[in-house]
Amino acid sequence: MTCSTLMIKNGVARLTLNRPEVHNAFDDNLIAELNEHLTKLHPLADTGDVRVVVLGSEGKSFSAGADLNWMKRMVDYDLEDNLADSRKLAELMHRLDTLPCPTLCRVQGAAFGGAVGLATCCDIVIASQQAKFCLSEVKIGLSPAVISPYVQRALGARQMRRYALSAEVMDAPTALELGLAHQVVEHDALDSAVKAMLDTLLAGSPQAQRATKALLATVSQSPDSDTTREQTCQVIAKLRVSQEGQEGLASFFEKRRPAWDQRSDTQQQ
């Protein structure tokens, strides 16, 4: 039985955790499957064949973190086994974080441990009022080590210290206030909110979104340097003379939708 599914339609990829019987908990099989899916998605996102990736899960929980049976097996792992295991999780987070296209995370319930990492590796997080987030690792003698770069980027260093050390549960409004979620809606409105954001993303230029996402990764690392300033100039200049840039300007002045706008297609999904 597969632990996850990947469906691609009309330029939208839906990557779904599918272990609702264990609250979509992580184990080595799920991590391997997600890495395989993301390996497939990277070149499709690069070419524009996949324009947006929606990450979600089946059941009441987004993900409860590490699977208990997997954790029991880890007790017998030596250092090298644990390093190999951790590197696969690190690969998963890196692959999701560096997908060239926009990524949208749908959080309907509990997101604990590594699941917080998945959410913060996505560009946009929309959560139900019923969602809860927790960096729970220290309660069992562990650390949110692999996911820490991505979660700290979202929370900021000061809030990260609190929630990584206390393992407090953050409700949805707190997650919104801290920047962990971008939007919180009533549970019954979650799918419509995801749909609305998906349509908004599909109205943008795929090439411009890829270029912007790559540029922002550079800007966050080195915001004020000669190299970064030159790269910003290169990006906008190249976009202006590109086919999509020319189409975008033409459609604006002609008061029509640009050729890439697929919102009418998504309304039929």
Residue-count net charge about ALA211 - beta-carbon cut-off 11 Å; Lys, Arg +1, Asp, Glu -1 = +2
Isolated Cys in the chain, by beta carbon distance under 4.7 Å = CYS3, CYS101, CYS121, CYS134, CYS233
Taking all pairs of distinct alpha-carbon atoms in the chain, Kirkwood radius in angstrom = 19.6
ask   = What order do you get for 64-71, 1-8, 252-259 when each peptide is scored by the mean count of other beta carbon atoms within 10 Å, highest first?
value = 64-71, 1-8, 252-259
query = For the chain, what is the accessible area per residue in Å², given a 1.4 Å probe and the full set of protein chains?
reply = 52
query = Where does the range 70-121 land on Rg/Rh, using Cα atoms and the Kirkwood Rh?
reply = 1.07
task = With a ≥ b ≥ c taken as the square roots of the eigenvalues of the C-alpha gyration tensor of the range 181-237, please select rounded if a/c is under 1.5 and otherwise prolate if a/b is larger than b/c or oblate if it is not?
result = oblate
request  = Starting from the Cα-Cα distance between MET74 and GLU168, subtract it from 0.36 nm times their residue separation and give me the gain in nm to one decimal.
outcome  = 31.4 nm
inquiry  = Need the list of lysines near LYS40 for cross-linking: C-alpha distance under 17 angstrom, and skip anything on the same chain fewer than eight residues off.
reply    = LYS9, LYS88
task = Can you quote the Å³ per residue value for the convex hull of the Cα atoms in the range 205-254, rounded to an integer?
result = 67
query = Relative to the first principal axis of the alpha-carbon coordinates of the chain, what is the inclination of helix 79-97, with its axis defined by its Cα atoms, in degrees from 0 to 90 and to the nearest 10?
reply = 30
inquiry  = For the range 1-73, take the convex hull of the Cα atoms, compute a quarter of its surface area, and give me that in nm², please.
reply    = 5.0
Distance cut-off 19 Å, percentage of C-alpha pairs in the range 1-126 lying past it = 45
inquiry  = I want to verify the translational diffusion coefficient of the range 77-154 in µm²/s; compute it with Stokes-Einstein, Rh as the Kirkwood radius over Cα pairs, at 4 °C and 1.567 mPa s.
reply    = 97
request  = Report, to the nearest whole %, how much of the accessible area of the chain belongs to carbon and sulfur atoms, 1.4 Å probe, protein only.
outcome  = 54
ask   = For ASN29 and THR227 in the same chain, what is the full-extension length gain: residue separation times 0.36 nm, less their Cα-Cα distance, in nm?
value = 67.1 nm
request  = Any lysines with Cα under 24 Å of the LYS132 Cα? List them, leaving off those in the same chain fewer than 8 positions away.
outcome  = LYS60, LYS195
inquiry  = Antiparallel versus total DSSP beta bridges in the range 54-206: what percent is that, nearest 5?
reply    = 20
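The values are calculated or read from the model by the stated rules, or taken from the named source; none is laboratory data. On a predicted model such as this, the values are computed, not experimentally measured, just so you know. Counting neighbours? That spans all protein chains shown, and the Cβs are built from the backbone with ideal geometry, glycine included. Side chains included, ligands, DNA and RNA excluded: accessible areas come from the protein's heavy atoms. Shrake-Rupley method; radii C 1.70, N 1.55, O 1.52, S 1.80 Å.
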